[in-house]
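First up is the structure itself, then whatever we jot down about it.
The values are calculated or read from the model by the stated rules, or taken from the named source; none is laboratory data. These numbers were taken from a predicted model, which means no experiment stands behind them. Please note: Cβ atoms are built from the backbone with ideal geometry, for glycine as well, and neighbour counts cover all protein chains shown. Note: areas computed on protein heavy atoms with side chains; ligands, DNA, RNA excluded. Shrake-Rupley method; radii C 1.70, N 1.55, O 1.52, S 1.80 Å.
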Amino acid sequence: MRGDLVRKLAARCLSTGLAVLAFVTVALTGATGWGLALAVAALAAAAAEQRIRPGADLVAETALIAAAVLVGYSRRLDDGLDPALVATALVLLGLVLLVGPLRTAGNLEVRVANLPVRGWTPLIADQLGTALLGLLAVVTLASALTLPAAVALVASLLVGVGAGAVALDLARRRFRPAAGGGAVARALRRHRPEFLLYFSAPPGSEYQVTMWLPYLERIGRPFMVVLREPEFLAPIAAATDAPVVYCPTLRAIDEALVPSLRAAFYVNHGAKNSHCIRFTQLTHVQLHHGDSDKAPSANPVSGIFDRIFVAGPAAIDRYARAGVQIPPEKFVVVGRPQVESIEVRPEPVRGLSHPTVLYTPTWTGHHADADYCSLPVAEGLLRRLLERGATVILRAHPYTAQNPASARQLGRLTELLVADRARTGRQHVVGAAARELSLTECVNRSDALISDVSGVISDYLYSGKPYAVTDMGDEGERFVENFPLAGSGYVLRRDMANTDDVLTALLDTDPLAEARWATRRRYLGDFPVESYAEAFLSAARRELAPAKTLAASAQV
């Protein structure tokens, strides 16, 4: 996160600094050629800042660049006061002032994918900043080539007309909304979704949704996905055929939640969930995006939902152990359907000479009490694995790069494995190759797991294969009390002093093989392997059944 902040700050300083330098060079020194060159550099920096900081306010930068270019243009023409250049300056000034407000207004409009609705205005409004930078580049080129000012005026008017059309359409939508809702609401009423998946999260969190989409589709009822952040629209729409709607405001949610809806599913405890929970006519179901003994997995906020779908009885016990009192009738044990494709190894395999070990370090978390990351001490662990002839699949948490220190530590581990692969030929899987594999594929390729406290362990438990857990809080005997899932695994101490003993148990003797099966039932439910996901599908369909149907089935 600190690295991301530094990158954004550097982008802002570079674009602003170059814009100021371009204007000062042209206005005060008369070095027109150098000033125009600096203006081009400032435009490139501003474009880069737009990619790094989507929605960045570039009014000051674009105003300075435009002023520098126009002053330089006037000097190169050397014709005195050119009316076309004056008109160009006025159009550019209007665009500089309007681009930000129009983009903001466009971002308040509903956007949709996978529905036969064309909403061009918000999309164009979002690209006006890029169009302005492109226009300034054209004007700079015209100045450098000493083209007539009419060329710059025509280019400016074309962009200005487009911006004006966007402004008029946005004003019409705001002050004269269509009766019965807009085109998106009408299309959704025709689609008649019976449930929705509601999602709000930080960037890079779309995996929380994509893991559930195949199972929501298998419910066999029409549904929709409601998003609160625009960056998720494209990746989530690509993962499903269901309508995906970006709702930037509460009014947009009011419009999108059509009468046919009966239930809303959630995959996290995002603060914006309350914007949908307020619709009391819906049944609100928390699914979570993994099952683990982490502190956030027993969040008291879960109590606001009508139903809490959990993988197994252990999840219910977790809330009680954390002192979170939730009525028992809210819990529904549905298993963890995502594990159904994991290959189960019913008999322990001992004495592996060339094992494949999956290592899944988690991220540092938002708060210290949720920091279970083992990356700082992992290098010695991987070296011991390599000494035992192991092939390693290194699959880090998607948020790892948000912490610069973690990113550097992961980089060193990747270099270590790449060097070993070149030396020994062992096919370690790291970096992009590891991210391209699904977790299920990683589990099926491996013989054992080493993980921090995370939901990966619960998924791995389904395979029946051994796992080790890192005790990064150095809790000793209390570790298993706080994280019961570790009781059926082999615990690595923070100082890694017991690494050899743990690896021997993990890869050779496996004394906890039988205990894992009882833990598996507690954490993942006791459902048949051949129809494991049906527990979730049946529970979801019950929440969608009309009250009359439920009453009739209860009487039978």
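Remind me, relative contact order of the chain in percent, using alpha carbon pairs under 8 angstrom and six or more residues apart?
Relative contact order, the chain: 12 percent.
Compute the accessible area per residue over the range 12-119, keeping the other protein chains in place, probe 1.4 Å, unit Å².
Values: 5120 Å² over 108 residues.
So the range 12-119 comes to 47 Å² accessible per residue, rounded to a whole number.
How much of the accessible area of the range 232-326, probe 1.4 Å, is carbon plus sulfur, in whole percent?
Summing carbon and sulfur atoms, their accessible area is 54 percent of the total for the range 232-326.
Can you list the HN-Hα couplings for the range 187-200, worked out from phi with the Karplus curve (6.51, -1.76, 1.60; θ = phi - 60°), rounded to whole Hz and with x for Gly and Pro?
Calculated HN-Hα couplings, in order: 5, 5, 5, 5, 5, 6, x, 9, 8, 10, 10, 9, 9, 9 Hz.
Pull out a ≥ b ≥ c, the square roots of the eigenvalues of the alpha-carbon gyration tensor of the chain, then state rounded if a/c is under 1.5, prolate if not and a/b is larger than b/c, and oblate in the remaining case. Mind showing how you got there, number by number?
Numbers: a/c = 3.02, a/b = 1.54, b/c = 1.96.
It comes out oblate by the Cα gyration axes.
Which value in Å is the Kirkwood Rh of the range 440-504 over different Cα pairs?
About 12.1 Å for the range 440-504.
Once amide H atoms are placed 1.01 Å from N in the peptide plane, what residues at a sequence separation of 5 or more from Val357, or on another chain, have their amide H within under 5 Å of its amide H?
Thr391, Val392, Ile393, Asp447
Can you tell me the dipole magnitude for the range 406-457 around its Cα centre, using point charges on the Cβ only (Lys, Arg +1; Asp, Glu -1), in Debye to the nearest 20?
200
So, with a 1.4 angstrom probe, what is the percent of accessible area on the range 40-151 that is carbon and sulfur?
Working: 3460 of 5100 Å².
The computed percentage sits at 68.
Just need log10 I(q)/I(0) for the range 397-556 at q = 0.11, 0.19, 0.20 Å⁻¹, Debye formula, equal scatterers on the alpha-carbon atoms, no solvent, rounded to two decimals.
Listed by q, the Debye log ratios stand at -0.61, -1.36, -1.43.
How far is helix 149-175 tilted, in degrees, relative to the longest principal axis of the Cα atoms in the chain, given as a value from 0 to 90 rounded to the nearest 10?
Helix 149-175 sits at roughly 50 degrees to that axis.
Per residue, how many Å² of accessible area does the range 360-465 show with a 1.4 Å probe?
Values: 4140 Å² over 106 residues.
Heavy-atom SASA per residue in the range 360-465 reads 39 Å².
Tell me, what is the per residue accessible area of the range 226-322 in Å², probe radius 1.4 Å? Could the numbers behind the result be given before it?
Values: 3480 Å² over 97 residues.
That works out to 36 Å² for each residue.
Is it possible to state the helix-based mean residue ellipticity at 222 nm for the chain, with each DSSP H run of 4+ residues giving -39500 (n - 2.57), the sum divided by total residues, to the nearest 500 deg cm²/dmol? What is it?
Working: 23 runs with 278 residues, N = 556.
Calculated at 222 nm, the ellipticity per residue is -15500 deg cm²/dmol.
Given Cβ point charges of +1 (Lys, Arg) and -1 (Asp, Glu) and nothing else, what value in debye, to the nearest 20, does the dipole of the chain about its Cα centre take?
Around 1360 debye, computed over the chain.
With all protein chains present, how much of the accessible area of the range 376-469 (probe radius 1.4 Å) comes from carbon and sulfur, to the nearest whole percent?
Numbers: 1740 of 3500 Å².
Of all accessible area on the range 376-469, carbon and sulfur atoms account for 50 percent.
Search the structure for amide H atoms under 5 Å from the amide H of Tyr490, placed 1.01 Å from N in the peptide plane, and list their residues when 5 or more places away or on another chain.
Hits under the 5 Å cutoff: Tyr467, Ala468, Val469.
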